[in-house]
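Presented below is the structure to which this report refers.
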Amino acid sequence: MRLFSPHLTVVIVFFCCGFSFAVIGLATGLETFLYMAPGFLIPAIVLFVTARRGRNGIGRDE
């Protein structure tokens, strides 16, 4: 039995990077960081949803 999904490891890394980019962008006013933050946060949300769906068995044809 697997306790921790590899998807969730990537989600944690992407979320930390996206959050850091957003905070730096807001604190310094550099728009480049604000434009890059969704590039990390959106894939993190998608991977989190797919990891949870896979764990709960939703969408599986059995």
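Values in this text are rule-based calculations from the coordinates and carry no lab data. None of these values were measured; they are calculated from a predicted model. Here the Cβ is made from the backbone with ideal geometry for all residues, glycine too, and neighbour counts use every protein chain on show.
Worth pointing out:
- The chymotrypsin sites (Phe, Trp or Tyr not before Pro) of segment 1-45 meeting both criteria, a DSSP state outside H, G, I, E and B (loop) and at most 15 other C-beta atoms within 10 angstrom of the site's C-beta, are 4.
- FRET efficiency, residue 8 to residue 28 (Cβ-Cβ, R0 30 Å, nearest 0.05): 0.50
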